[in-house]
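Input: a single structure, listed below in structure tokens.
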Amino acid sequence: MSPYIHDATAQTEATAHPPFRVAIVGGGIGGLAAALFLHHFCGPNVVIDVYEQAPEYKEVGAGLGLGVNATKLLHRIGVGDACNAIAGDRNGVYFTIRRWDNGAEATTISARDEGRVRFVAMARAQFLEVLLGFIKERSAARLHTRKKCRGIRDLGKGGGVRIDFEDKTFSDADLVIGCDGIHSAVRRQFVRDESLYSGKIAYRGLVPISALPKPWPLPSYAAMWVGPDKHLLTYPIGRTADGKENRSLNVVACTSKREEDVPPESWSSTCDRADVQADFGDCEPLVQTIISLMPDHPSKWRVNDREPLPQWTFLKGKVVLLGDAAHPMVPHQSAGAGQAVEDAYILAKALTEYLTRRPTTPSPSATRSTLSRIARFKTKPRKSATEPDLQQWMHLYQAVRFPRAQQVQQSSREAGELFEMQAPQMVGKTYEECLPILAESVSERMKRLWFEDIDVAYEKTRADIIMMPPVVKKENGISRVLDWCFCM
Ligand SMILES: Cc1cc2nc3c(=O)[nH]c(=O)nc-3n(C[C@H](O)[C@H](O)[C@H](O)COP(=O)(O)OP(=O)(O)OC[C@H]3O[C@@H](n4cnc5c(N)ncnc54)[C@H](O)[C@@H]3O)c2cc1C
């Protein structure tokens, strides 16, 4: 891992306050990315604890792709090159899209990833190791395991919040970030909704690249075969020991199924390879070869998401949601992890601004270590200022992120329909008529996903709303912050 020097200008000044306590619930991709962005931007003004329910920090599943929208942010905090080092090489191709029955090319979409900031496809476990490595190297956060959050309590004015864990311990924080995935316990405390079956299942498995036919007949290992009610995609992840070759082909085979025919939701459910062969038996010979090289028992996964949730901040901004906890999405655009990275970046920006605005006059509660830190940073305490409103800054985070995440949730669903010739604009058309619709639409939506400038969105939204107090309404004695749109 390359040495990395902090961008000190990105950090807030050390203040006379005791460090702001951030508790991250969930140590997956979103949680660990949040720890790194917060540490980078907020520096010594925050202490960060990550609470993961599992006995170790580990990712389930095989591959994961991150578009340049996310990797450019990882480069800003010095993590991007390490991702490039573990990514498969797709030869500049995002996906070459092929007919399911004869393999003819429908369209090939460029990854538009020349240079250091690239689309990266990685083994999930390796990516998590990279994030963990940086957290440890930079002492960015304290990492806890076997800490399953079961609820959150408000400790009242000025008192932060308390996280209660299943093991009957608890921990207090000024801000809790719920990064605990699609079945988030943090979300469940504030929102009553169910995960929704998308109508599709996915078979997944890895194939060694060395076992594939040579020469490989496509311009890239990143390929997708599309047919009525099914699509199968492959992309390379991981590098051989000398770093010269791709190591594994990640295979995700999706097909539409009635809900009563699919297993209950689980990351760990598997099937026989014969099930994949039965569902994809009408695909061209290269697909048959790939499936025959999948493990004997590929994983079989029910693809779920939830309806968009317009409120991600609770308890006066002391609790926020991030990643799949806020906006779980189906995987057809390879976008979920990238959206979690974008969340982490914007949340860190907003929190930095909040912390910078706290008055720096030493308070009676300022600790000795904080004061010595001020001396070290040579910051001059400002005369006076009013305490900024955490809720307002957390609303900024939500207001920037919600429209984009909601749009990506929606377009991920639509992508699944397009790949299987089920989109509304394809109804009544032949397969041949559908292909150009697919080609144009995919290219357009990837452009929107990869190239939208979230810094511009941040500045614009900040200018629009930050001076306006959030609208609070009492319902049955409970204060609820109304949708941020009301503030605009
Ligand atoms: C098959 C598949 C393929 C995908 N492919 C891509 C892709 O190519 N590109 C992409 O960008 N996205 C992809 N995604 C989506 C992506 O994986 C998710 O969006 C991303 O992992 C979300 O990260 P997260 O940290 O929010 O949640 P998760 O990754 O679900 O992490 C949640 C963490 O919280 C922990 N946790 C849960 N409950 C508690 C609790 N009560 N207390 C403490 N800890 C808890 C869990 O153990 C876990 O470690 C894919 C998803 C799937 C399922």
Review point. From the residues Ile86, His39, Gly28, which one has its Cα farthest along the dipole of the stretch 8-487 in the positive direction, the dipole being from +1 and -1 charges on Cβ of Lys/Arg and Asp/Glu about the Cα centre?
Key: His39
Check your understanding: With the contact rule set at Cα under 8 Å and sequence spacing of 6 or more, what percent relative contact order holds for the stretch 8-487?
Key -> 20
Check your understanding: How many nm separate the modelled label positions at Thr240 and Arg162, each set 7 Å beyond the Cα in the direction of the Cβ?
Key -> 5.8
Practice item. Report, in deg cm²/dmol and to the nearest 500, the calculated mean residue ellipticity at 222 nm for the chain, where each DSSP H run with n ≥ 4 adds -39500 (n - 2.57) and the sum is divided by the residue count. Key: -10500 deg cm²/dmol
**Study point:** Calculated FRET value between Lys58 and Phe170, using beta carbons and R₀ = 30 Å, to 0.05
**Key:** 0.75
**Study point:** Sparse-neighbourhood loop sites, GluC sites (Glu not before Pro) in the stretch 83-183 - DSSP loop, at most 14 other Cβ within 10 angstrom
**Key:** Glu114, Glu166
Point to revise | Debye intensity ratio I(q)/I(0), log10, the chain, q values 0.06, 0.12, 0.13 Å⁻¹ (C-alpha model) | key: -0.29, -1.08, -1.24
Practice item. Could you check the simple spin-label distance between Asn102 and Ile437, using points 7 Å along Cα→Cβ, in nm with one decimal? Key: 2.2
Review point. Hey, which aspartates and glutamates would be in cross-link range of Lys460, C-alpha to C-alpha under 20 Å, not counting anything within fewer than 8 residues on its own chain?
Key: Glu342, Asp343, Glu353, Asp389, Glu452, Asp483
Point to revise | Cα-centred dipole magnitude for the chain, charges only on beta-carbon of K, R (+1) and D, E (-1), debye, nearest 20 | key: 2280
Exercise for review: With a length cut of 24 Å (Cα positions projected on each helix's long axis) and a Kyte-Doolittle mean of at least 0.5, go through the chain and give me the DSSP H helices that pass.
Suggested key: none
Practice item. Any chance you could list P(r) for the stretch 133-176, counting all Cα-Cα pairs in 10 angstrom bins from zero, rounded to whole %? Key: 25, 41, 29, 4
Review point. How do 69-77, 22-30 rank on mean C-beta neighbours within 10 Å, highest first?
Key: 22-30, 69-77
Revision key, fill the gap. Expected sort for 225-235, 303-313, 184-194, 320-330 on mean C-beta neighbours within 10 Å, highest first, is 320-330, 225-235, 303-313, 184-194
Check your understanding: What is the antiparallel percent of DSSP beta bridges lying wholly in the chain, to the nearest 5?
Key -> 75
Study note, to complete from the structure: Summing +1 per Lys or Arg and -1 per Asp or Glu among the other residues with Cβ less than 15 Å from Ser195's Cβ gives -1
Revision key, fill the gap. With the charge dipole of the stretch 126-277 built from beta-carbon charges (+1 for Lys and Arg, -1 for Asp and Glu) about the Cα centre, the Cα from Val276, Ile237, Ser198 projecting farthest to the positive end belongs to Ile237
Study note, to complete from the structure: Of the listed links Lys72/Lys447; Lys72/Lys200; Lys72/Lys300; Lys244/Lys447; Lys136/Lys244, those spanning more than 22 angstrom between alpha carbons are Lys72/Lys200; Lys72/Lys300; Lys244/Lys447; Lys136/Lys244
Study note, to complete from the structure: Given the candidates Pro308, Phe451, Ser184, the one whose Cα lies deepest towards the positive end of the charge dipole of the chain, counting +1 at each Lys or Arg C-beta and -1 at each Asp or Glu C-beta, is Ser184
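Only the coordinates and a few stated rules stand behind these numbers; no lab work does. Every value quoted in this text rests on a predicted model; they were computed, and no experiment measured them. So basically every Cβ, Gly included, is an ideal-geometry build from the backbone, and we count neighbours across all protein chains shown.
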